[in-house]
1. Which ones in the stretch 43-71 are surrounded by 15 or more Cβ atoms within 10 Å (Cβ to Cβ), hydroxyl-bearing (Ser, Thr, Tyr) and within 17 Å of ILE105 (Cβ to Cβ)?
2. Which pairs turn up if I take residues in the stretch 122-142 that are of a type in the set (Asp, Glu) and look for partners that are open to solvent by 50 Å² or more (accessible area, probe 1.4 Å) with beta carbon separation below 9 Å, at least 6 apart in sequence or on another chain?
3. For THR72, indicate whether it is hydroxyl-bearing (Ser, Thr, Tyr), over 22 Å from SER173 (Cα atoms) and in contact with a His (Cβ under 7 Å, 6 or more places away or on another chain).
4. For the structure I just gave you, tell me whether ALA45 is modelled with pLDDT of 95 or more, in a loop (DSSP other than H, G, I, E, B) and aliphatic (A, V, I, L, M).
5. Could you tell me how many of the residues in the stretch 90-132 are charged (D, E, K, R) and within 16 Å of TYR58 (Cβ to Cβ)?
6. Determine which single condition HIS59 fails, assuming it passes every other condition in (1) in contact with an Asp or Glu (Cβ under 8 Å, 6 or more places away or on another chain); (2) in a strand (DSSP E or B).
7. Enumerate the pairs (first residue in the stretch 62-84 and among the aliphatic types (A, V, I, L, M); second residue anywhere and surrounded by fewer than 17 Cβ atoms within 10 Å (Cβ to Cβ)) with beta-carbon separation below 6 Å, excluding pairs fewer than 6 apart on the same chain, so at least 6 apart or on different chains.
8. For the stretch 72-110, give me each residue that is open to solvent by 30 Å² or more (accessible area, probe 1.4 Å) and either under 15 Å from ALA45 (Cα atoms) or basic (Lys, Arg) (or both).
Amino acid sequence: QTYRSLPDIQTGYVLDDVWSVVVPIARTNLITNGSFETNTTSWTAIGGSIARSTTFQYHGAYSLAITPTATTTDGARFDTVSLTSGTTYAYSAKVRGVAGLKYSIGIETTGSVALATTTFTATGRWQWITGYYAETSTTTRRWVARKAGHASTAIFYIDGVQVEAIVAGELASTYIDGDQLGLVP
């Protein structure tokens, strides 16, 4: 069929969730190696193994592939972030797990005692998971990503890991690590 003119422009539709505006906030990411672009320094497997991966990534060319064993709490941890008593922190990451399986991210003591945990069910696609933690002492903590009670040995991925000090009631900011081309003057 041949058209002699363009169709009328439709108006009045509400924008969907594809469009957003990012308002910059000056914050510091306490995770010094959250996008795995150069290495896995300060990252340790919790059971199983970890490796930089180009299979899936959210920020840059690499993510962290976590290959768990059948143990139900396997994952990975970042050692350590220094937190201050009385400060609220937002912790976040992009996570790509197996659809229908549960995972968690959180803050733990260096003795692996959970202090704040955000548990979620994976969709099989990248998900931005966030949580909040009010520190009660000035000390070092671990950021962790774990399976949440299942024995699957399927690989899952994390990228864009962040811990940032916030004012209570504020939200986590978008990921930044100072290593992203175009964002450094």
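1. Result: TYR58, SER63.
2. Pairs found: GLU135/THR84; GLU135/SER85; GLU135/GLY86; GLU135/LEU115.
3. It is true that THR72 is hydroxyl-bearing (Ser, Thr, Tyr), over 22 Å from SER173 (Cα atoms) and in contact with a His (Cβ under 7 Å, 6 or more places away or on another chain).
4. Here the answer is no, as ALA45 does not meet what is asked.
5. Looking only at that region, the number is 3.
6. Unmet condition: (2).
7. These pairs meet every condition: ALA65/ALA51; ALA70/ALA151; ALA70/THR153.
8. THR72, THR73, ARG77, ASP79, THR80, ARG96, LYS102, THR110 - these are the residues of the stretch 72-110 that are open to solvent by 30 Å² or more (accessible area, probe 1.4 Å) and either under 15 Å from ALA45 (Cα atoms) or basic (Lys, Arg) (or both).
The values are calculated or read from the model by the stated rules, or taken from the named source; none is laboratory data. Treat the numbers as computed from the prediction; the structure is a model and nothing was measured. Using ideal geometry, Cβ is built from the backbone for each residue, glycine included, and neighbour counts are taken over all protein chains shown. Ligands, DNA and RNA are excluded from the accessible area calculation, which covers all protein heavy atoms including side chains. Shrake-Rupley method; radii C 1.70, N 1.55, O 1.52, S 1.80 Å.
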